[in-house]
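Heads up: the structure comes next, in structure tokens.
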Amino acid sequence: MYQTNDYEGMIAETVVIPGHKGDPIRAYYARPLGPGPFPAMVLIHHFPGWDEWYREATRKFAHHGYLTISPNLYERMGHGTPEDMGAAARAAGGVPDDQAVGDIAASMNFLRGQAQSNGKVGVFGTCSGGRHAVLAASRAPGFDAVVDCWGGRVVMGDDQLTANWPVAPIDYTADLPCPILGIFGADDRSPTPDQVAQHEAALKEHGKEYDFHMYEGAGHGFFYYDRTAYRQEQAVDGWNKIWAFLEKNLA
Amino acid sequence: MCTMICHSAPISGNGKGREGWFPLLHANVSYDHPFSLPDDHTLNIDFVNGDRGPSARVAVELSVEAARSLVATIQAVLAEAESGGYLDEDEKLAV
């Protein structure tokens, strides 16, 4: 924990990185000032979009000492307000998984290539971002830790598979190379507690290191202070668990 | 978003957005997390013109009760227009 007489500085700005297939994509990159070395985090925005909550979360992680990047997974859909882009993504059924994995892997490589990097990179996501975090960590080798916050459709029935999302992330569990922290609400309908249990069972079956937490009295999105879903006590505890997990795995 | 419930209806008409009236091509109707209404899930309608980019959008977010009331009201207005002789032949409901 920082002390009040510590110096703290941060730079936070939009950057452009080569994403999937080399496509230039925007990302919001926040890093602590100083030579480091610092651990790093890729933040994957939720389905509502690359929005203010994710700008704030990116700076939050930088405040906690992480080189942090949040790529715009909706870059190729065009530009508008974050809400316009979220609505466009909603109508399109999200972005293709291959593309998202490519953009997330590119973000990981960007961070690991920074002069201030300690070489360790984790990935965090909420909602569909949690799903993407699980998917990308399993399919793109190199992540050192995964934080899955209420990622729905990690478990998917055959009737839920789409052209954009053709394979359930749980099917890649054997390939997960790093520890995973899961933060879930017991009142959530996607993922349901039953689906979370299925994911946990798969991790156990494949001998993976995991730590799942199911919060009573909370549903989907309970970190979002700007939504009715916000649950103060559960959110504070969830964030504390995230910092402890990352400190242990990205040092 | 998280329910992945979204249907897109091709439509023709005009909508009034930030910069005035513009032609509409689709109504994207979803039941999912709202951006504005303080609720977990709402019935959302985005009247859009994809040819003009993502910002060409007139958005509403409704409670389930409001959405059902809207559906019923639309049907009632169209029925009254038809019985009042205002609809063209090709606009009338097929018997």
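Values in this text are rule-based calculations from the coordinates and carry no lab data. For clarity, every value in this text was computed on a predicted model and none was experimentally measured. A quick note on method: Cβ atoms are made from the backbone with ideal geometry, for glycine too, and the neighbour counts reach across all protein chains shown.
The Cα center of the range B:44-95 and the Cα center of the range A:66-114 differ in position by 34 Å. If you take the alpha carbon atoms of chain B and fit the smallest convex hull around them, that volume is 132 Å³ per residue.
Working from the pairwise distances between different alpha carbons, so that the mean of 1/r is found and then inverted, what is the protein assembly as shown's Kirkwood radius in Å?
For the protein assembly as shown, the Kirkwood estimate is 21.5 Å.
The residues A:THR81, A:THR173, A:THR126, when put in order of fewest to most other Cβ atoms within 10 Å, stand as A:THR81, A:THR173, A:THR126. Within the straight-line cut-off of under 17 Å between alpha carbons, the lysines reachable from A:LYS60 are A:LYS241, sequence neighbours fewer than 8 places apart in one chain being disregarded. Axis of helix B:64-83 versus longest Cα principal axis of chain B: the two differ by about 20°, to the nearest ten degrees.
The ranking of A:HIS45, A:HIS213 by Cβ neighbour count inside 10 Å, starting from the fewest, reads A:HIS213, A:HIS45.
For the pair B:ASN14 and A:ALA201, label points projected 7 Å from Cα toward Cβ lie 5.8 nm apart.
Add +1 for every Lys or Arg and -1 for every Asp or Glu among the other residues with Cβ under 12 Å from the Cβ of A:ALA186, and state the total. With Lys, Arg at +1 and Asp, Glu at -1, the neighbours total -2. Ranked by the mean number of other Cβ atoms within 10 Å per residue, highest first, peptides A:115-121, A:221-227 order as A:221-227, A:115-121. Per-peptide packing, taken as the mean over residues of other Cβ atoms within 10 Å, places A:88-100, A:130-142, B:29-41, A:153-165 in the sequence A:130-142, A:88-100, B:29-41, A:153-165 from highest down. Sorting A:ASP103, A:ASP6 from the fewest to the most surrounding beta carbons within 10 angstrom yields A:ASP6, A:ASP103. Report the residues of the range A:237-251 in range of a label on A:MET10: point 7 Å along Cα→C-beta, backbone N strictly under 19 Å from it. Hits in the range A:237-251 for A:MET10 at 19 Å: A:237-247. Normalised by the number of residues in chain A, the average gap of Cα pairs under 8 Å and 6 or more apart makes the relative contact order 16 percent. Partner shielding of B:26-33 amounts to 3, given as the average count of beta-carbon atoms from other chains within 10 Å of each residue beta-carbon.
Size estimate for the range A:71-123 follows the Kirkwood approach: the inverse of mean 1/r over distinct Cα pairs works out to 12.6 Å. Only helical runs count toward this figure. For the protein assembly as shown, summing -39,500 (n - 2.57) over DSSP H runs of n ≥ 4 and dividing by all residues gives -9500 deg cm²/dmol at 222 nm.
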